[in-house]
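Take a look at the structure below.
The values are calculated or read from the model by the stated rules, or taken from the named source; none is laboratory data. Just so it is clear, the model here is predicted, and its values are computed rather than measured. Every residue, glycine as well, gets a Cβ built from its backbone with ideal geometry; the counts of neighbours run over all protein chains shown.
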Amino acid sequence: MFTPLLPLQPPQRQRLNHQFVPPTFATHESDALQLAGDEGTAGRDPLNEGFGNLGEIGRMQLKARIAVFGRWCLPSLCGTDQLGRDVLSRLFWGARISLLVGLVATLVSLTIGVSYGAIAGYFGGRVDNFMMRIVDMLYSIPFIFVVIFVITVLSEQKIKAKLEAVGINQIIVFFLVVGAIYWLTMARVVRGQVISLKENQFVEAARTIGAGQFRIIFRHIVPNLLSIVIVYLTLTIPNVMLFEAFLSFLGLGVKPPDVSWGILADEGVKAITPLRVYWWLIVFPSLALGITLFSLNFLGDGMRDALDPRLKNK
């Protein structure tokens, strides 16, 4: 969120004379930001020079960064890639997209799964049987092939142009497609919890005062499932991030000039040859992804223990 405030080099700035520079603590004149008035920057917006489309909030943060640090940037602590771009900067900027994909896609799956499972568990009977058989059928589908097929079809130029005409770009499509495949387990978990709660006294009290069925589901039952939902949320984000990295590694996820950890890992593998191994191009993106997934799994385990009433006295 606060990456534009950090004194990092522009993630998209190419310096072909700095290709495959190993990690170093030494600064170079070309590391500095190119601001208005610098040689070769006439007529160009310095805030977009190497940063891409920042948005209003990003531009405000970058202006604050320039006011504090000026032209100074951190050296290439993680080396540079095949185009001379700073790997450390690309790690931080790539984290923005990787984490955003994990959060947004998980929220999409959460919305679908909680709504579907709560309705199935509350109504029960034939409605429950019908809805859960759909879940069983969807479980039998190899989703990796479905996602690859859908993303490939939506990437076709005519379809892509129609989607962009209504304000839906490829990143939004990616969020929705990935989020739409992770709701099945959540639906089953929520359904089981709703079945155990729907005969409790607070639900009977809501029926007595005339509350409608959907009001009972979403106003009275679902809030009592928040502890389980939050724990599942923290455990799903790592899975979605790993899936995004896998698709980006295959070239079906985030597209350049945008950057994610999956793209960085893909670029690192392509740069490795039998003659030279540029280890920093694969080690640092892999470490960033691995440590983040490790941390989120620990967060999920800790929240599960903290929110489980059976463990409060232990």
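Is one or more of the residues making up the range 112-132 under 30 Å from K255 (Cα atoms) and in contact with a Ser or Thr (Cβ under 8 Å, 6 or more places away or on another chain)?
Filtering the range 112-132 down to residues under 30 Å from K255 (Cα atoms) leaves 112-113.
Then keep just the ones that are in contact with a Ser or Thr (Cβ under 8 Å, 6 or more places away or on another chain); that gives 113.
Yes.
Looking only at the range 7-34, filter to residues that are more than 16 Å from F284 (Cβ to Cβ) and within 27 Å of the chain's Cα centre (by Cα); which one of those is surrounded by the fewest Cβ atoms within 10 Å (Cβ to Cβ)? Before the answer, list the steps.
Residues of the range 7-34 that are more than 16 Å from F284 (Cβ to Cβ), as a first pass: 7, 10, 12-19, 26-34.
Those still in the list that are within 27 Å of the chain's Cα centre (by Cα) too: 7, 10, 12-14.
Details: P7: 17, P10: 22, Q12: 20, R13: 19, Q14: 14.
Going through the qualifying residues, I end up with Q14.
Can you name every residue in the range 251-278 that is surrounded by 13 or more Cβ atoms within 10 Å (Cβ to Cβ) and of a type outside the set (G, A, S)?
From the range 251-278, those surrounded by 13 or more Cβ atoms within 10 Å (Cβ to Cβ) are 252-255, 258-268, 271-272, 278; that's our starting set.
Matches in the range 251-278: L252, V254, K255, D258, V259, W261, I263, L264, D266, E267, I272, Y278.
Of all residues in the range 132-141, which are of a type in the set (S, T, Y) and not in a helix (DSSP H, G or I)?
Here is the first cut: in the range 132-141, the residues of a type in the set (S, T, Y) are 139-140.
Listed by number, the list holds a single entry, S140.
Between I172, I151, I144, I168, which is closer than 17 Å to V101 by Cβ, part of a loop (DSSP other than H, G, I, E, B) and among the aliphatic types (A, V, I, L, M)?
Details: I172 fails: part of a loop (DSSP other than H, G, I, E, B); I151 fails: part of a loop (DSSP other than H, G, I, E, B); I144 fails: part of a loop (DSSP other than H, G, I, E, B).
The match here is I168.
Only one of R59, R65 is of a type in the set (D, E, K, R), in contact with a helix residue (DSSP H, G or I) (Cβ under 6 Å, 6 or more places away or on another chain), within 21 Å of R96 (Cβ to Cβ) and modelled with pLDDT of 90 or more. Can you tell me which? Write out each step before concluding.
Numbers: R59 fails: modelled with pLDDT of 90 or more.
From the options R59, R65, the qualifying one is R65.
Can you give me the number of residues within the range 278-314 that are modelled with pLDDT of 80 or more and not in a helix (DSSP H, G or I)?
Summing the residues that are modelled with pLDDT of 80 or more and not in a helix (DSSP H, G or I) in the range 278-314 gives 2.
Let me spell it out: the conditions are (1) at pLDDT 80 or above; (2) not in a helix (DSSP H, G or I), and L252 meets all of them except one. Which number is the exception?
(1)
Do we find that G210 is at pLDDT below 80 and assigned to a loop (DSSP other than H, G, I, E, B) in this structure?
Working: at pLDDT below 80: no; assigned to a loop (DSSP other than H, G, I, E, B): yes.
So G210 does not fit the description; no.
Residue by residue through the range 164-183, note down the ones that are closer than 29 Å to L233 by Cα, out of contact with any Leu (no Cβ under 6 Å at 6 or more places or on another chain) and among the hydrophobic types (A, V, I, L, M, F, W, C).
Here is the first cut: in the range 164-183, the ones closer than 29 Å to L233 by Cα are 167-183.
If we keep only those that are out of contact with any Leu (no Cβ under 6 Å at 6 or more places or on another chain) too, we end up with 167-172, 174-183.
I168, I171, I172, F174, F175, L176, V177, V178, A180, I181, W183 - these are the residues of the range 164-183 that are closer than 29 Å to L233 by Cα, out of contact with any Leu (no Cβ under 6 Å at 6 or more places or on another chain) and among the hydrophobic types (A, V, I, L, M, F, W, C).
Only one residue in V87, V101 is farther than 30 Å from I228 by Cα and buried (at least 17 other Cβ atoms within 10 Å of the Cβ), so which one is that?
Only one candidate passes the filter, namely V87.
Examine the range 238-245 for a residue that is in contact with a Ser or Thr (Cβ under 8 Å, 6 or more places away or on another chain), surrounded by fewer than 17 Cβ atoms within 10 Å (Cβ to Cβ), among the acidic types (D, E) and in contact (Cβ under 8 Å) with a residue 60 or more places away in the chain, and state whether such a residue exists. Spell out the reasoning first.
Filtering the range 238-245 for residues in contact with a Ser or Thr (Cβ under 8 Å, 6 or more places away or on another chain) gives 238, 240-241, 244-245.
Imposing the further condition that a residue be surrounded by fewer than 17 Cβ atoms within 10 Å (Cβ to Cβ) reduces the set to none.
Scanning the range 238-245 turns up no residue that is in contact with a Ser or Thr (Cβ under 8 Å, 6 or more places away or on another chain), surrounded by fewer than 17 Cβ atoms within 10 Å (Cβ to Cβ), among the acidic types (D, E) and in contact (Cβ under 8 Å) with a residue 60 or more places away in the chain.
Regarding F145, is this residue at pLDDT 80 or above, out of contact with any strand residue (DSSP E or B) (no Cβ under 6 Å at 6 or more places or on another chain), farther than 25 Å from V231 by Cβ and not polar (S, T, N, Q)?
When the stated conditions are applied, F145 does not pass them.
Quick check on my filter: what residues within the range 181-207 are without any contact (Cβ under 8 Å) to a residue 12 or more places away in the chain and either hydrophobic (A, V, I, L, M, F, W, C) or in a helix (DSSP H, G or I) (or both)? First the steps, then the outcome.
Let us first name the residues in the range 181-207 that are without any contact (Cβ under 8 Å) to a residue 12 or more places away in the chain, namely 196, 199-201, 204-205, 207.
Within the range 181-207, S196, Q201, E204, A205, R207 qualify.
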